[in-house]
Amino acid sequence: MVSLVRRYYLYRATLSAGFYLPVSVIYMETQGLGLADIGFVQGAFLFSMVASELPTGYLGDRLGRRSALALGNAIVVAVMLGFTVADSTAAFAVVYVVWAVGWTFRTGTADAWLYELLAEEGMADEHARISGRANSALRIVSAGTALTAGVLYTIDPAVPFLANAGLAALGLPLLATLPKTQGSADGDADANAETDAADSGMSVREAVRVLATQLPRPSIRWIVAYAALFNLVFSVTRVFEQPAMRAVGVQVAELGLLYAGFKLVSAVAAGSVGPIQDRLGTRGVLLSLVPVVAVVYASFAVVPILLVPALFVRRGMQSVTRPVRNEYINDRLEDVGRATVLSGVSMALTLVSGTANVLGGRVAASVGPLAFLSTVGVAVSVAGGLVWVATRPVRTSSADAVPS
């Protein structure tokens with residue numbers, strides 16, 4: 001079992017995006033894409049994720065988890081190679097759409113496979129520990145590969161993508177050494193077993209009924225609206241941060257070092273969620289988004305180089321607030337239909353982010369990425385503050401029945 005777990009750690013490491021992520025947007029610019037084009041292809045990726053979630057889940061059921069993971073890795077290899085030959089907005093859009101399909105083949109499936117394997121061995125209580133170590137391995141590899149991304153890019157812009165293709169390809173023989181599991185590869189199954197069998201057998205009509213019942217509740221709909229605002233600003237920042245960093249003088253070779261730092265900050269912040277929540281409470285953690293985002297995004301409108309620390313803060317805030325938000329929503333859902341509602345929330349956030357990327361690209365192209373990001377951050381903070389005051393998005397369970 002020890003050898004098997006180690007091979008699983010190695011497999012998770014092959015999911016790293018460290019080689020290409022620090023230079024992906026810069027690369028598209030060198031291929032002639034403007035900011036509006038980049039926003040469009042990034043939006044296409046998010047929209048395609050929503051559209052492919054259910055079909056890939058169904059195929060995952062038919063193929064089994066290990067085969068679904070292998071198909072996901074194979075698609076990523078093809079996508080990385082596609083980056084090296086794409087030279088137009090249409091070509092990059094196709095690459096990103098295919099990439100979204102590969103992404104949805106792997107989302108949650110790796111953890112679900114691990115949970116089922118451990119459950120078959122009577123070791124389900126070891127899942128959190130082993131999964132946490134696997135995530136740590138992934139972050140360490142991502143940080144290490146990110147360090148080299150800028151240097152590889154200066155050698156040849158295609159090299160980071162070829163390196164990431166090779167890394168993803170290594171996952172295929174590793175997967176072949178891992179056993180199949182007996183559980184179904186249900187597209188929404190999660191490794192924490194938060195859902196029960198009723199979810200997996202839910203019809204489309206029942207799923208719609210559950211969403212229609214659960215999402216309109218004030219304690220759910222307003223936190224989703226509040227979260228969508230800040231998810232929007234975090235998403236457009238991720239898309240346009242590389243051109244913005246270039247605008248304040250960051251060199252391509254330095255991007256890898258920064259992205260390695262981003263990974264480490266995210267890892268530290270993720271490990272600090274418990275103590276921070278204990279000190280501030282759920283309301284305090286989520287409310288902190290308003291002043292923190294407002295201050296850090298306004299700062300680089302005045303002093304442009306403050307963009308760099310702002311990007312570190314953005315990673316830390318997202319790593320801390322996302323699990324707190326998810327816990328809040330989970331606490332207010334019934335077990336039956338839980339996965340359906342969580343999927344609905346995730347799809348809503350993704351659709352908002354995708355729309356923002358498409359529309360934001362045109363604005364960023366006209367005003368510049370730095371001014372665009374600063375304006376969006378401050379505007380979202382103001383809107384978030386208004387939502388907080390007007391609707392009380394974070395409520396106690398007993399307040400669910402309070403009219404909105």
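No lab work stands behind these numbers, since they all come straight from the coordinates. All figures in this text were calculated on a predicted structure; none of them were measured in a lab. Don't worry about glycine lacking a Cβ; one is built from the backbone with ideal geometry, like all the others, and counts go over all protein chains shown.
Here are a few things to note about the model shown:
- Phi-based couplings in Hz for the stretch 171-180 (Karplus 6.51, -1.76, 1.60; Gly and Pro marked x): x, 5, x, 5, 4, 5, 8, 8, x, 6
- Val302 paired with Met123, simple spin-label distance in nm, labels 7 Å along Cα-to-beta-carbon: 5.4
- Cα gyration tensor of the stretch 1-122 - equivalent ellipsoid semi-axes, whole Å, descending: 31, 16, 10
- Phi to ³J(HN,Hα) by Karplus 6.51 cos²θ - 1.76 cosθ + 1.60 over the stretch 267-284, Hz, x for Gly, Pro: 5, 5, 4, 4, x, 9, 4, x, x, 5, 5, 4, 7, 9, x, 4, 4, x
- 3J(HN,Hα) couplings calculated from phi for the stretch 31-37 with the Karplus curve 6.51 cos²θ - 1.76 cosθ + 1.60 (θ = phi - 60°) are, in sequence order, 8, x, 7, x, 4, 5, 5 Hz; Gly and Pro show x.
- The stretch 198-395, relative contact order in percent, only Cα pairs under 8 angstrom and at least six apart counted: 45
- The calculated P(r) of the stretch 198-395, using every Cα pair and 10 Å bins from 0, goes 8, 32, 34, 18, 6, 1 in percent.
- Extending 7 Å from Cα along the Cβ direction at Val151 and again at Asp331 yields two label points whose distance is 4.7 nm.
- Estimated FRET transfer efficiency (Ala247, Arg322; beta-carbon r; R0 22 Å; 0.05): 0.20
- Take the Cα of Ala176, step 7 Å toward its Cβ, do the same at Leu351, and the gap between the two points is 4.2 nm.
- Here the residues Ile140, Ile305, Ile223, ranked from fewest to most Cβ neighbours within 10 Å of their Cβ, fall in the order Ile305, Ile140, Ile223.
- Area projected by the alpha carbon convex hull of the stretch 267-321, averaged over all directions, nm²: 3.6
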